[in-house]
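Just below is one structure, and these are the notes that go with it.
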Amino acid sequence: MTAICDNWVSRVLHKGEDPYGLGRWSYVTLRGKGSIKITVITAYNATPSPGDSTYHHQQLRVLSRFYREQNIPTPPNPRRQFMLDLQAWIESLQSEQHQIILCQIRIIFVGSLLHPFLYELGWGLDPSKC
């Protein structure tokens with residue numbers, strides 16, 4: 001999710017999410033000085049993890065169906081497809097003279113514990129108490 005507050009709200013031109021309908025990123029395009037357009041993108045690339053109900057497996061199911069419908073013979077790779085789709089979308093924005101700010105969310109798991117830096121940010125359990 002990308003949030004715009006205070007005086008910036010009046011500069012919002014467009015807002016939305018992954019145009020491919022997979023929920024991998026959201027964006028807000030702001031009107032800059034003159035005719036400058038600034039697009040702030042918040043993206044999340046699914047990390048493989050065990051279980052059938054994970055975000056990665058949801059992406060895999062959706063892409064598998066799409067690949068079958070399009071007769072694409074290779075198995076889908078959600079992480080690679082994310083990079084290809086995001087790159088293509090950013091390039092289309094850049095061709096329209098957008099300036100890009102890309103924020104990628106990355107959640108790192110170490111074994112069964114959250115990585116210690118998440119604790120430092122106040123996002124996880126204290127690793128010393130686990």
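The values are calculated or read from the model by the stated rules, or taken from the named source; none is laboratory data. Computed from a predicted structure; not experimentally measured. Heads up, the Cβs are rebuilt from the backbone with ideal geometry, glycines too, and the neighbour counts pull from every protein chain shown.
Quick look at the values:
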quantity: Enumeration of residues in the stretch 26-43 that are within 13 Å of ALA3 (Cα to Cα) and not aliphatic (A, V, I, L, M); calculated: SER26, TYR27, THR29, THR39, THR42
quantity: Condition broken by GLU17, with the remaining ones in (1) of a type in the set (Asp, Glu); (2) at pLDDT below 90; (3) surrounded by 12 or more Cβ atoms within 10 Å (Cβ to Cβ) satisfied; calculated: (2)
quantity: Which listed residue is touching a residue at least 24 places away in the same chain (Cβ under 8 Å) and either more than 18 Å from CYS103 (Cα to Cα) or part of a strand (DSSP E or B) (or both), from ILE4, ILE41; calculated: ILE41
quantity: Candidate set: the stretch 7-38, residues that are of a type in the set (A, V, I, L, M, F, W, C) and in a loop (DSSP other than H, G, I, E, B); chosen: the one farthest from ARG80 (Cα to Cα); calculated: ILE36
quantity: GLN58, sole failed condition from (1) assigned to a loop (DSSP other than H, G, I, E, B); (2) modelled with pLDDT under 90; calculated: (1)
quantity: The stretch 20-54 - residue that is under 14 Å from LEU93 (Cβ atoms) and β-branched (Val, Ile, Thr) and, of those, surrounded by the fewest Cβ atoms within 10 Å (Cβ to Cβ); calculated: ILE36
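Conditions (1) among the β-branched types (Val, Ile, Thr); (2) within 30 Å of GLY32 (Cα to Cα); (3) at pLDDT below 90, marked per residue:
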residue: GLN70; (1), (2), (3): no, no, no
residue: PHE82; (1), (2), (3): no, yes, yes
residue: TRP89; (1), (2), (3): no, yes, no
residue: HIS98; (1), (2), (3): no, yes, no
residue: ILE105; (1), (2), (3): yes, yes, yes
residue: LEU113; (1), (2), (3): no, no, yes
